[in-house]
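Take a look at the structure below.
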Amino acid sequence: MVRTLISLAVLSALLAAGSAGAQNEKKKLYRWVDKDGKVQFSDALPPEAVDQARTEINATSGRATASVDRALTEEERIAKEKEDAEKARLEKDAEQVRMTEEAMIASFQTEDDLRRSFQVRIELMQQTLDAIEAGISSQRASLSSLLAQAAEAELAGNTVGSKQRTSISELHTEMVKQQQMLVLKQGELEDLDAELARLIERFREIKGPSPATAPTPPAPETAAPAAAEEAPTG
């Protein structure tokens, strides 16, 4: 009976020690910087420090266990929500592009097929550029002619008519628009080249290099022919 009581006492002491140790492990210290810029330490956060950035420290080991950022203002919260939404949209768009590229790559058997497909698009784009440049050249010639006529009229002491002035203004505006369109289409042509390069890289990642583009193994070395022995002279 005495032995049993002693065992129970020991067990109780062990449980109490374990409980105290667990409580010490859970006990925290908080480190933060107050509104005056001074570093503060406490085992409880005062109301004015709840929204401040702080470090949580294990009271027993003295090691930092967590870091809590300060609470965002309403304006910061709204800005962060917009930033997160934009980031999610960009990630979704990137995933859609990736899936589209993989579907496109799956429709081609070789890199040459992929290149030929893009070559058709590039040629069509080049034809569009040629047409725009021809239109700009024609508009420039017409504008030069109208300006020359207006200059001759003014030199002769005549007033340039409103209809002619309107024609000059409209033609100049249209030529500027076509020049802007030319720059835009030139950029699209450059984008096509970049897209083709990216798709070829993705093609090789997914399907590996095509036989036509696979590196050719080096030819086996052959021994140089032995020099013929000089025949003895009589």
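Readers should treat all values here as calculations from the given coordinates under stated rules, not as data from a laboratory. Since the model is a prediction, treat every value here as computed from it, not as a measurement.
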Sequence order, region 179-191: Karplus ³J(HN,Hα) from phi using 6.51 cos²θ - 1.76 cosθ + 1.60, θ = phi - 60°, Hz rounded, Gly and Pro as x, gives 5, 5, 5, 4, 4, 4, 5, 5, x, 5, 5, 5, 5
Amide H neighbours of Leu72 under 5 Å, counting only residues 5+ apart in sequence or on other chains, H built in-plane at 1.01 Å? none
Which of the lysines could a cross-linker span from Lys92 if the Cα-Cα distance has to be under 25 Å and same-chain partners fewer than 8 positions apart are dropped? Lys80, Lys82, Lys207
Overall form of region 84-175 per C-alpha gyration tensor (a/c, 1.5; a/b vs b/c): oblate
